[in-house]
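The values are calculated or read from the model by the stated rules, or taken from the named source; none is laboratory data. Values in this document were obtained by computation on a predicted structure and should not be read as measured data. Cβ: placed from backbone, ideal geometry, glycine included. Neighbour counts: every protein chain shown. Remember, those area values only see protein heavy atoms, side chains included, never the ligands or the DNA or RNA. Shrake-Rupley method; radii C 1.70, N 1.55, O 1.52, S 1.80 Å.
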Amino acid sequence: MTSEDAMHNHDDHDDEHDHDNHFSDMQARVKALETILTQKGLIDPAAIDAIVETYETKVGPRNGARVVAKAWSEPDFAEWLRSDATAAIASLGYTGRQGEHMRAVFNTPETHNLVVCTLCSCYPWAVLGLPPVWYKAPPYRSRAVIDPRGVLEEFGVTLPETKKIRVWDSTAELRYIVIPERPAGTEDLDHEALADLVTRDSMIGTGLANPAGDAR
Amino acid sequence: MNAHEPSLNGSPGLPKSNEGDPVFDEPWQAEAFAMTVRLHEKGVFSWSEWAEALSHELYKPGRRADASDYFDCWVAALSRLVTELSITSQDNLDRLTQSWQRAAEATPHGKPILLENDPER
């Protein structure tokens, strides 16, 4: 698909424009501390990112993996997720600002989905967990739109030439979760074990779900 | 850093997983934790200075019963330490905090939030 198809038109929502981004008091205070400490040479933002990344799996409820596991095992839930992801996700008790207005895009044997986002403040971390550090880099976003297959290969995901790749750009109103394909040989696994196979990267499309042998 | 200096993982009241790792409700909490870890590793303050500053905030009256304001206290303690150590002034910190809020509000979706986006800067 072309990059034109991939990008949403951000100008559609001018009336919402003023509410696109917001920092809570605490978010702003932490940014202020980071700015001062960086200016004073006491911290290096890259080092902070690196520490935060080690806690990638320790931030937020990260309930996206359970959403995926349920969709894999319950066709009715998958259908609901397809038609109204916001309501389907909320039905599991997962609500909150970052989880609102979600759309689920399903990987199939024919199509792989990849999500880009600038992390202004709309990344749905409550559902997906912390974003990877490289997600913040503007080149990732632009390259993912222009050459998604090449970007995926850099992440070690080589897809057959015949598989289509769709790129989704989060908007202020709509955030995406990729429902990866269910790995083979997982028929006997329960929800919990299935959820263990669902990585953050697989829910943004830069990875696939882990193979069955990785279940705990 | 002194090898015998306790790590910040041992901070009083720090929420932890069953495996003993700190857990965070929101990304800013992990950022505040990471900054504090770095400052402590660099010797900007000692464990006892940190523990005292944090305890001071944790035992203030008016805390939420469910302790959901734990990292609010953490950030208050960190702010207090950096001003006491004359790294910055409370006034400067407050102004910069407001500036970041204006910057966020002024940043359209799809653009990274940068401090220079604050229209008053």
Along the charge dipole of the protein assembly as shown, pointing to its positive end and built from +1/-1 on Cβ of Lys, Arg, Asp and Glu, which listed residue (B:P108, A:P148, A:F23) has its Cα farthest out? A:F23
Would you grab the residues whose amide H sits under 5 Å from the one on A:F106? Only those 5+ places off in sequence or on another chain, please, with H modelled 1.01 Å from N. A:I179
With DNA, RNA and ligands ignored, accessible area of B:F45 (1.4 Å probe; Å², nearest 10): 10 Å²
Averaging sequence separations of C-alpha pairs under 8 Å and six or more residues apart, then dividing by the length of chain B, give the relative contact order as a whole percent. 17 percent
Within segment A:16-65, list the trypsin sites (Lys or Arg not before Pro) lying in a DSSP loop whose Cβ has at most 13 other Cβ atoms in a 10 Å radius. A:K40
Too long at a 21 Å Cα-Cα cut-off: which of A:K70/A:K163; A:K31/B:K111; A:K40/B:K111? A:K70/A:K163; A:K40/B:K111
Can you work out D for segment A:60-214 in µm² s⁻¹ from Stokes-Einstein, where Rh is the Kirkwood radius over C-alpha pairs, the temperature is 20 °C and the viscosity is 1.002 mPa s? 138 µm²/s
Say each of A:D147 and A:S83 gets a label point 7 Å from the Cα, pointing the same way as Cα to Cβ; how far apart are those two points in nm? 4.2 nm
What is the helix-to-structure angle for B:27-41, meaning the angle in degrees between its Cα long axis and the longest Cα principal axis of chain B, kept from 0 to 90 and rounded to the nearest 10? 60 degrees
Using only alpha carbon positions, build the gyration tensor of segment B:11-87, then give the equivalent ellipsoid semi-axes as the square roots of 5 times its eigenvalues, largest first, whole angstrom. 20, 16, 11
Write down the Kirkwood hydrodynamic radius of segment B:69-121, to one decimal in angstroms, obtained as one divided by the mean of 1/r over all alpha carbon pairs. 12.4 Å
For the protein assembly as shown, what is one quarter of the convex hull surface built on the Cα atoms, given in nm²? 19.2 nm²
Cα lying deepest toward the dipole's positive end in the protein assembly as shown, options A:L37, A:A65, B:G43, charges on Cβ: B:G43
